[in-house]
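What follows is a short report on a single structure.
The values are calculated or read from the model by the stated rules, or taken from the named source; none is laboratory data. A quick note: this is a predicted structure, and the numbers were derived from the prediction, not measured. Using ideal geometry, Cβ is built from the backbone for each residue, glycine included, and neighbour counts are taken over all protein chains shown. Ligands, DNA and RNA are stripped out before the accessible areas are found, and what is left, the full protein with its side chains, is counted by its heavy atoms. Shrake-Rupley method; radii C 1.70, N 1.55, O 1.52, S 1.80 Å.
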Amino acid sequence: MTDEKNEKQVLHEVTSGEYKYGFFTNIEADQAPKGLSEDIIRFISAKKNEPEWLLEFRLKAYRHWLTIEEPDWALLHHPPIDYQDIIYYSAPKKKKELSSLDEVDPELLDTFNKLGISLEEQKHLAGVAVDAVVDSVSVKTTFQDTLKKHDIIFCSFSEAVQDHPDLVKKYLGSVVPYTDNYFAALNSAVFTDGSFCFIPKGVRCPIELSTYFRINAANTGQFERTLIVAEEGGYVSYLEGCTAPMRDENQLHAAIVELIALDNAEIKYSTVQNWYPGDKNGKGGIYNFVTKRGLCKGNSSKISWTQVETGSAITWKYPSCILLGDNSVGEFYSVAVTNNFQQADTGTKMQHLGKNTRSTIISKGISAGQSNNSYRGMVRVGKRAENARNFSQCDSLLLGDKCGAHTFPYIKTNNPTAIVEHEATTSKISDDQLFYCQQRGIDMEKSIGLIVNGYAKDVLNKLPMEFAVEAQKLLAITLEGSVG
Amino acid sequence: MLLNIKDLHVSIGDKEIIKGFNLSVNKGEVHAIMGPNGTGKSTLAAAITGREGYDITKGEIFFKDELINDWEPDKRASEGIFLSFQYPIEIPGVSMTNFMRTALNAQREYHNLPPIAAGEFLKKMEEKKKLVDIQSKLTNRSVNEGFSGGEKKKNEIFQMAMLEPSLAILDETDSGLDIDALKVVAKGVNQLKSEDNAFVIITHYQRLLDYIVPDFVHVMYDGRIVKSGGKGLAVELESSGYEWIKEQFGA
């Protein structure tokens with residue numbers, strides 16, 4: 001047999017798989033006209049019946065945004081984004097208040113079913129409360145009763161603004177100020193909805209909180225805002241999962257996630273991101289410019305980010321931790337897969353400010369097709385951060401010879417007692433490994449899936465159980481031509 | 001006939017390694033292929049199992065009366081050809097349990113059988129582990145990662161026991177084994193031997209053949225079999241070495 005040719009062909013087939021979740025829901029949208037101006041921001045704010053201070057926050061952010069430029073330091077290439085060609089507000093029309101799942105738009109439920117995340121099933125089987133966000137407005141929130149019992153607040157951002165304005169006002173922008181960066185300023189000006197979670201003092205949230213995001217109406221930029229606060233001794237595990245319908249035009253997504261952990265509090269934030277990556281020729285796909293940051297404000301607090309990134313045409317994302325409290329801990333576990341013409345520039349920032357702060361970074365990049373995958377990370381140790389410790393491991397795996405993997409680690413220590421370790425490897429799936437699997441009866445595609453999942457295991461293990469299974473499937477779907 | 005190789009020529013790149021090789025193996029037989037280093041023994045194993053980069057330029061390989069020259073490696077495996085690797089490969093992060101279940105189920109799927117039930121699978125694992133004295137829990141160990149040389153070879157025989165092939169090719173399974181490990185491996189092979197399967201044992205030395213008694217011994221030199229005989233031939237080779245072969249058949 002012509003073995004070499006055969007391998008190339010199979011490799012080509014498995015790395016040119018088409019996006020599996022290409023469908024979209026036909027829900028009548030209530031949307032703003034295209035473009036961005038103070039009037040549009042006033043429109044959004046009015047639509048959402050917001051208090052004056054929030055409108056002011058938006059306008060300040062907008063005015064700041066006008067004065068700054070889009071960042072260009074990432075290893076990403078895309079045509080210029082026309083910010084006036086984007087619809088900044090779009091909401092599914094609500095017929096009436098919903099009190100049960102039966103009242104949710106059947107077409108919407110069908111969308112969730114296609115994704116294999118039936119709300120009903122999750123509600124009963126997995127014990128997961130789902131705050132489902134479709135086109136920027138929360139449609140359905142479940143498990144409120146259980147949460148209420150523990151005085152946990154888990155609701156859409158809009159509801160939080162209405163029902164808990166003081167909490168929102170206190171924490172909004174406290175970790176990611178609107179001046180932080182270009183996309184953070186944009187989000188702060190136009191964000192439409194998202195999730196809010198508040199864990200009161202001493203409460204361990206008994207269930208995994210989950211939000212599924214979908215981007216739905218054509219040409220709608222989506223600007224989510226998530227704010228999670230855990231008071232002293234609180235604990236919460238939060239899951240964010242995303243899939244998007246197929247689109248030809250690029251869609252901008254610029255979210256902000258802020259986490260705040262007070263003394264002895266712990267927040268685990270897990271993401272599976274599977275937005276439309278564009279077709280196999282590099283046409284279309286989501287532009288994903290996200291600012292995620294956690295503040296370990298209290299002593300002995302802990303924030304842990306775990307992400308599995310398989311989607312989007314462009315990923316610009318650096319979930320970070322500010323380790324302000326003494327003895328606080330930051331963690332970042334990441335698997336980023338790029339295929340076809342996807343580009344990912346992702347990593348983390350660990351800012352050690354408190355004494356005895358510790359951080360761990362494990363990043364696994366997987367590049368296939370003609371994609372580019374970069375790890376960009378910064379570990380900074382401040383003057384006051386006695387005995388700070390960091391361990392970073394950044395591995396890259398290449399499939400085929402047309403893709404790229406890059407690692408940009410930055411380390412700045414201003415305290416001589418700090419210990420910062422960095423390990424990096426780049427490898428290819430070896431012919432020996434593939435043949436070994438095949439010789440046991442496993443076909444080429446499954447062999448690649450098996451080896452890749454093994455490579456990513458350290459990170460996948462950090463995901464909550466339900467998510468880990470989904471993530472393993474996603475890795476296989478992303479890299480294989482077909483599944484099942 | 002289980003395996004029938006006719007006038008096989010195999011090249012790696014432009015270099016011809018196997019040069020007109022013939023071999024017939026029936027069920028219930030054990031064949032030993034011996035010979036000095038660099039005569040094409042491992043290349044033969046690679047060609048039979050369908051490894052990439054080993055081009056069959058002439059000749060035929062029949063397995064169970066089907067021409068398999070163009071079959072994918074995984075199809076050959078599922079049809080019952082197993083290779084015990086000379087250098088078993090490490091696959092980090094993939095547990096032996098997961099690997100074995102994936103392999104077993106892939107082969108079952110090939111034969112239109114449903115996946116094996118979890119309980120049945122674990123029982124089978126325990127049973128086959130005993131065969132080669134594997135004590136450790138394989139569930140938390142990655143494929144061959146951190147295994148000693150002896151453990152790796154035992155692990156190959158363990159996989160063979162799990163997959164129950166009709167033709168097992170043992171490529172230098174004895175190399176790097178101390179005498180105790182060698183005995184364990186031989187014991188495993190002997191217990192797996194039956195009227196329904198066959199073994200092709202590739203080895204440089206005769207010592208493995210003290211424990212696994214071959215029905216036929218073939219001496220390979222420069223890409224073909226130059227002499228065949230019974231088990232006595234192996235003993236003869238042990239005492240006289242390969243020099244006379246080189247003299248007699250060398251170019």
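Looking for whichever is β-branched (V, I, T) and open to solvent by 30 Å² or more (accessible area, probe 1.4 Å) here; the options are B:I212, B:I202, B:I225. Which one fits? Step through it out loud before you land on a result.
Details: B:I212 fails: open to solvent by 30 Å² or more (accessible area, probe 1.4 Å); B:I202 fails: open to solvent by 30 Å² or more (accessible area, probe 1.4 Å).
Testing whether each residue is β-branched (V, I, T) and open to solvent by 30 Å² or more (accessible area, probe 1.4 Å) leaves just B:I225.
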**Message:** Exactly one of these conditions fails for B:L170: (1) open to solvent by less than 10 Å² (accessible area, probe 1.4 Å); (2) part of a helix (DSSP H, G or I); (3) over 24 Å from A:D443 (Cβ atoms). Give me its number.
**Reply:** (2)
**Prompt:** Do we have any residue at all in the stretch A:400-414 that's closer than 30 Å to B:N155 by Cα and open to solvent by 60 Å² or more (accessible area, probe 1.4 Å)?
**Reply:** no
**Message:** I'm trying to understand the selection: among the residues of the stretch A:144-172, which are within 18 Å of the chain's Cα centre (by Cα) and of a type outside the set (F, W, Y)?
**Reply:** A:S156
**Asked** For the subset of the stretch A:455-470 comprising residues that are open to solvent by less than 10 Å² (accessible area, probe 1.4 Å) and in a helix (DSSP H, G or I), which member is farthest from the other protein chains (Cβ to nearest Cβ)?
**Response** A:F467
**Request:** Residue by residue through the stretch A:285-331, note down the ones that are open to solvent by 10 Å² or more (accessible area, probe 1.4 Å) and at positive phi.
**Result:** A:S300, A:N327
**Request:** Please note which helices (runs of 4 or more DSSP H) are completely contained in the stretch A:145-217 and include at least 1 residues that are open to solvent by 20 Å² or more (accessible area, probe 1.4 Å) and in contact with a Pro (Cβ under 7 Å, 6 or more places away or on another chain).
**Result:** A:165-171, A:182-190
**Request:** For the stretch A:356-383, enumerate the residues that are open to solvent by less than 10 Å² (accessible area, probe 1.4 Å) and not in a strand (DSSP E or B).
**Result:** A:T357, A:A368, A:S371
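Which residue is farthest from B:S78 (Cα to Cα), if the candidates are limited to the stretch A:424-433 and must be within 14 Å of chain B (Cβ to nearest Cβ) and free of Cβ contacts under 8 Å to residues at least 60 places away in the same chain?
Residues of the stretch A:424-433 within 14 Å of chain B (Cβ to nearest Cβ): A:425, A:427-433.
Still in the running and free of Cβ contacts under 8 Å to residues at least 60 places away in the same chain: A:425, A:427-430, A:432-433.
Working: A:T425: 35, A:S427: 29, A:K428: 26, A:I429: 23, A:S430: 22, A:D432: 19, A:Q433: 18 Å.
Once the filter is applied, the top-ranked residue is A:T425.
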**Request:** Select from the stretch B:173-188 the residues that are out of contact with any Leu (no Cβ under 7 Å at 6 or more places or on another chain), hydrophobic (A, V, I, L, M, F, W, C) and assigned to a helix (DSSP H, G or I) and write down the one among them that is nearest to B:L122 (Cα to Cα).
**Result:** B:V184
**Residue within the stretch A:434-442 that is on the phi > 0 side of the Ramachandran plot and either more than 10 Å from chain B (Cβ to nearest Cβ) or free of Cβ contacts under 8 Å to residues at least 24 places away in the same chain (or both) present** = yes
**Request:** Please find, within the stretch B:189-204, the residue that is nearest to the other protein chains (Cβ to nearest Cβ) out of those that are part of a helix (DSSP H, G or I) and within 25 Å of B:T97 (Cβ to Cβ).
**Result:** B:L192
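Considering only residues that are part of a loop (DSSP other than H, G, I, E, B) and touching a residue at least 60 places away in the same chain (Cβ under 8 Å), which ones fall in the stretch B:1-21? Give the derivation first.
Quick first cut of the stretch B:1-21, residues part of a loop (DSSP other than H, G, I, E, B) only: B:1-2, B:13-14.
Answer for the stretch B:1-21, where residues must be part of a loop (DSSP other than H, G, I, E, B) and touching a residue at least 60 places away in the same chain (Cβ under 8 Å): B:M1, B:L2.
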**Subset of the stretch A:416-442 (residues that are surrounded by fewer than 23 Cβ atoms within 10 Å (Cβ to Cβ), in contact with a strand residue (DSSP E or B) (Cβ under 7 Å, 6 or more places away or on another chain) and assigned to a helix (DSSP H, G or I))** = A:Q433
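Residues in the stretch A:387-395: is at least one touching a residue at least 12 places away in the same chain (Cβ under 8 Å) and in contact with an Asp or Glu (Cβ under 6 Å, 6 or more places away or on another chain)? Explain how you work it out, then say what you get.
Of the residues in the stretch A:387-395, the ones touching a residue at least 12 places away in the same chain (Cβ under 8 Å) are A:387-395.
From what's left, in contact with an Asp or Glu (Cβ under 6 Å, 6 or more places away or on another chain): A:391, A:393.
For the stretch A:387-395, residues touching a residue at least 12 places away in the same chain (Cβ under 8 Å) and in contact with an Asp or Glu (Cβ under 6 Å, 6 or more places away or on another chain): present.
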**Message:** Being open to solvent by 20 Å² or more (accessible area, probe 1.4 Å), closer than 27 Å to B:E243 by Cβ and not in a strand (DSSP E or B): is that true of B:N37 here?
**Reply:** yes
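Among the residues of the stretch A:274-282, is there at least one that is part of a strand (DSSP E or B), under 23 Å from A:E470 (Cα atoms) and under 16 Å from the mean Cα position of the chain (by Cα)?
Initially, the stretch A:274-282 is screened for residues part of a strand (DSSP E or B), giving A:274.
Pick out the ones that are also under 23 Å from A:E470 (Cα atoms) and you get A:274.
From the residues that got through so far, the ones that are under 16 Å from the mean Cα position of the chain (by Cα) too are A:274.
The answer is yes; a qualifying residue exists.
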**Prompt:** In the stretch A:34-73, how many residues are assigned to a helix (DSSP H, G or I), touching a Pro at 6+ places or on another chain (Cβ under 9 Å) and surrounded by fewer than 19 Cβ atoms within 10 Å (Cβ to Cβ)?
**Reply:** 3
**Message:** If I ask for residues that are over 22 Å from B:K152 (Cα atoms) and touching a Ser or Thr at 6+ places or on another chain (Cβ under 9 Å), which ones from the stretch B:75-106 would you list?
**Reply:** B:R76, B:E79, B:A106
**Message:** So, in the stretch B:87-123, exactly how many residues are at negative phi and open to solvent by 40 Å² or more (accessible area, probe 1.4 Å)?
**Reply:** 18
**Item:** Sole exception among (1) modelled with pLDDT of 90 or more; (2) farther than 29 Å from A:F332 by Cβ; (3) assigned to a helix (DSSP H, G or I) for A:E445, by number
**Value:** (1)
**Message:** Here are the criteria: (1) more than 14 Å from chain A (Cβ to nearest Cβ); (2) touching a His at 6+ places or on another chain (Cβ under 8 Å); (3) assigned to a strand (DSSP E or B). Tell me which single one B:S24 does not satisfy.
**Reply:** (2)
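Could you tell me which of the residues A:T407, A:T413 is more than 13 Å from every other protein chain (Cβ to nearest Cβ), of a type in the set (S, T, N, Q) and touching a Phe, Trp or Tyr at 6+ places or on another chain (Cβ under 7 Å)?
Details: A:T413 fails: touching a Phe, Trp or Tyr at 6+ places or on another chain (Cβ under 7 Å).
Going through A:T407, A:T413 in turn, the sole match is A:T407.
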